[in-house]
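The values are calculated or read from the model by the stated rules, or taken from the named source; none is laboratory data. Computed from a predicted structure; not experimentally measured. Here the Cβ positions follow ideal geometry from the backbone for every residue, glycine too, while neighbour counts run over all protein chains shown. Heads up: the accessible areas ignore ligands, DNA and RNA and are worked out on the full protein's heavy atoms, side chains in. Shrake-Rupley method; radii C 1.70, N 1.55, O 1.52, S 1.80 Å.
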Amino acid sequence: MAIEFRALPFTFGAHVLAIAGAIMVLVWTLYYRGGLAWDSANKNLIFNLHPVLMLIGFIIIGGEAIISYKSLPLKKELKKVIHLVLHAIAIILGCLGIAAAFKNHNESNIANLYSLHSWFGITIISLYGIQWIYGFLMFFYPKGSPALRSESLPWHVLFGIFLYILAIGNAALGFLEKLTFLESSGIAKYGPEALLVNFTAVITVLYGAFVMLSVLGQGPVEDDDSYTAI
């Protein structure tokens, strides 16, 4: 059952934080880190795609997918399509972000999958993909029976929330890992770039919190058949 508070203010707050986070990660990678590139002699430009695609593509669009299903005052079937499409975009961009990290490592002779951040990242996006496939088959096409969908929905929602919380935590871990490397390479620990990275991580965590509050709050009343909110 939904907690007795309105989701809408937290939804607006999440949108504001999403814009702030997107701007901050772009300022970091474009201004402080030199730009973005898929192919470059400067392999750091390839890696810069990773935080941009993971934050904007995976975390923010994934969060908007979660918010859309609860907060949009639309017909259930339309919300389902929006929810499904946004999650698909998040998975695709997340996979590209992970591919950019692998490409940077391979072309720079750096080992892959040596950190806790990378282990969690591969696990989370794999489970995220499985969750999307299950949701597509169960709730979109060909669809399970009404009874099976009703029984599956709470677990689908809870597992999705669990994965998203893990993704937010892993994003913060990734910012910490990269900043630690940068500080070891000589950037000032209290300089503007270090502060920007830390505050981007803070904004990311706050965005995730606002997404969760949007999910837990009371959304607009639906005018078609729908399951009970949880």
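In a helix (DSSP H, G or I), among the charged types (D, E, K, R) and within 17 Å of Met54 (Cβ to Cβ) - does that describe any residue in segment 142-157? Quick ask: steps written out before the conclusion?
To start, the set of residues in segment 142-157 that are in a helix (DSSP H, G or I) comprises 146-157.
Checking the rest, the ones that are also among the charged types (D, E, K, R) come to 149, 151.
Within this subset, residues satisfying the condition of being within 17 Å of Met54 (Cβ to Cβ) are none.
Among the residues of segment 142-157, not one is in a helix (DSSP H, G or I), among the charged types (D, E, K, R) and within 17 Å of Met54 (Cβ to Cβ), which makes the answer no.
Evaluate the following for Leu116: is it out of contact with any helix residue (DSSP H, G or I) (no Cβ under 6 Å at 6 or more places or on another chain), open to solvent by 70 Å² or more (accessible area, probe 1.4 Å) and without any contact (Cβ under 8 Å) to a residue 12 or more places away in the chain? Break it down stepwise before answering.
Values: out of contact with any helix residue (DSSP H, G or I) (no Cβ under 6 Å at 6 or more places or on another chain): yes; open to solvent by 70 Å² or more (accessible area, probe 1.4 Å): yes; without any contact (Cβ under 8 Å) to a residue 12 or more places away in the chain: no.
When the stated conditions are applied, Leu116 does not pass them.
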> Quick check: anything in segment 158-171 more than 14 Å from the chain's Cα centre (by Cα), of a type outside the set (D, E, K, R) and in a helix (DSSP H, G or I)?
Replying inline: yes
> Do we have any residue at all in segment 11-20 that's touching a Ser or Thr at 6+ places or on another chain (Cβ under 9 Å), modelled with pLDDT under 95 and crowded, with 22+ Cβ neighbours inside 10 Å?
Replying inline: yes
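Of the residues Leu179, Leu163, Leu206, which single one is at pLDDT 95 or above and open to solvent by 30 Å² or more (accessible area, probe 1.4 Å)?
Details: Leu179 fails: open to solvent by 30 Å² or more (accessible area, probe 1.4 Å); Leu163 fails: open to solvent by 30 Å² or more (accessible area, probe 1.4 Å).
Just one listed residue meets the conditions, Leu206.
Kindly establish whether Ile124 is aliphatic (A, V, I, L, M) and under 18 Å from the mean Cα position of the chain (by Cα).
Values: aliphatic (A, V, I, L, M): yes; under 18 Å from the mean Cα position of the chain (by Cα): yes.
For Ile124, the condition - aliphatic (A, V, I, L, M) and under 18 Å from the mean Cα position of the chain (by Cα) - is met.
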> Quick check: is even one residue across segment 57-69 open to solvent by 30 Å² or more (accessible area, probe 1.4 Å), farther than 15 Å from Val211 by Cβ and of a type in the set (A, V, I, L, M)?
Replying inline: no
> Is it fair to say Trp28 is open to solvent by less than 40 Å² (accessible area, probe 1.4 Å), of a type outside the set (Val, Ile, Thr) and either within 21 Å of Ile59 (Cβ to Cβ) or in contact (Cβ under 8 Å) with a residue 40 or more places away in the chain (or both)?
Replying inline: yes
> How many of the residues making up segment 91-104 are touching a residue at least 40 places away in the same chain (Cβ under 8 Å) and open to solvent by less than 60 Å² (accessible area, probe 1.4 Å)?
Replying inline: 9
